[in-house]
Amino acid sequence: MAVPVLRTERLVLRGWGEKDRAPFAALNADPEVMEHFPAPLTRAESDAWVDRIERHFDRHGFGWWALEAEEGFIGFTGLAVPRFHAGWMDGREQPVVEVGWRLRRSAWGRGYATEAARECLRHAFEDLGREEVVSFTVVGNTRSRAVMERLGMRPLALYDHPVEGRAALPSVCYLLTRRDRGTQA
């Protein structure tokens, strides 16, 4: 399927190309970028993730968009259906969709994650008809939690995020509803 292109004042959210794999692998291998994940990714793991991203777009019509700024590829931002289950997912009217991001260090502190995530939320609510979107991270990831709060999201639940073959990570889920989004000025 053709991946929809989203744009903001400074950013382009687009489908993935072969040229994105090497910088994505470098981003995923950076220990500082991956500080709140179980481990940095190998090139093979990073490439496999791009393959999953492309399949997710084919299946759902949305996913993790490659994020491009004036300086080129800087990471990803997008929407995804989580591949795990947690108790806070039960009883929701629609299947859970998350908004998330990962940017290379040189792109941190410039408002790119917030700007791109806002466009993803606009797309989720206005184009995809979502009633709510979540975002989650480990409890100690203060940078991502600050982005969630700038987006108007509110904490929904503390939970133990499952990690294959490892101890679960104490995590927090944030929520933004269509109604809450409509009240932001």
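The values are calculated or read from the model by the stated rules, or taken from the named source; none is laboratory data. Everything numeric here is computed off the predicted structure, so don't read it as measured data. Counting neighbours? That spans all protein chains shown, and the Cβs are built from the backbone with ideal geometry, glycine included. These accessible areas exclude ligands, DNA and RNA; they are computed on the full protein's heavy atoms, side chains included. Shrake-Rupley method; radii C 1.70, N 1.55, O 1.52, S 1.80 Å.
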| Dipole of region 34-96, Cα-centred, from +1 at each Lys and Arg C-beta and -1 at each Asp and Glu C-beta, to the nearest 20 debye? | 320
| request: First check a/c for the chain, with a ≥ b ≥ c the square roots of the eigenvalues of its C-alpha gyration tensor; if it is under 1.5, answer rounded, and if not, answer prolate when a/b is larger than b/c or oblate otherwise. | output: rounded
| Just by accessible area at a 1.4 angstrom probe, what is the order of Phe37, Phe24 from largest to smallest? | Phe37, Phe24
| Simple label model, 7 Å out from Cα along Cβ direction - Asp58 to Thr142, nm | 4.3
| said: Ordering His60, His123, His161, His85 by accessible area with a probe of 1.4 Å, largest first, what comes out? | reply: His85, His60, His161, His123
| message | Show me the trypsin sites (Lys or Arg not before Pro) within region 40-118 that DSSP assigns to loop and that have at most 14 other Cβ atoms within 10 Å of their Cβ. | response | Arg83, Arg92, Arg110
| message | If the elastic network links every pair of Cα atoms under 10 Å, which of Thr77, Thr42, Thr114 fluctuates the most in the Gaussian network model of the chain? | response | Thr42
| How many angstrom separate the Cα center of region 137-166 from the Cα center of region 41-113? | 14
| request: Could you work out the local net charge near Glu35, counting Lys and Arg as +1, Asp and Glu as -1, over the other residues with Cβ closer than 12 Å to its Cβ? | output: +1
| said: Give me the net charge for the shell around Phe57: Cβ to Cβ below 12 angstrom, other residues only, Lys and Arg +1, Asp and Glu -1. | reply: +1
| task | Report, for region 1-84, the % of DSSP beta bridges that are antiparallel, rounded to 5. | result | 100
| remark: Where a ≥ b ≥ c are root eigenvalues of the Cα gyration tensor, a/c under 1.5 meaning rounded, otherwise prolate if a/b exceeds b/c and oblate otherwise, region 1-76 counts as oblate
| note | Sorted by chain and number, the residues with a modelled amide H under 5 Å from that of Glu132, at a separation of 5 or more or across chains, are Arg178
| query | With the dipole of region 1-142 worked out from charges on the C-beta (+1 for Lys and Arg, -1 for Asp and Glu) around the Cα centre, which of Leu27, Gly91, Gly129 lies farthest toward the positive end? | reply | Leu27
| query | What is the gain in length, in nm to one decimal, between Val81 and Arg179 on full extension, counting 0.36 nm per residue of separation less the C-alpha to C-alpha distance? | reply | 33.2 nm
| What FRET efficiency, computed as 1/(1 + (r/R0)^6) with R0 = 22 Å and r the Cβ-Cβ distance, is obtained for Arg92 and Lys19, rounded to the nearest 0.05? | 0.05
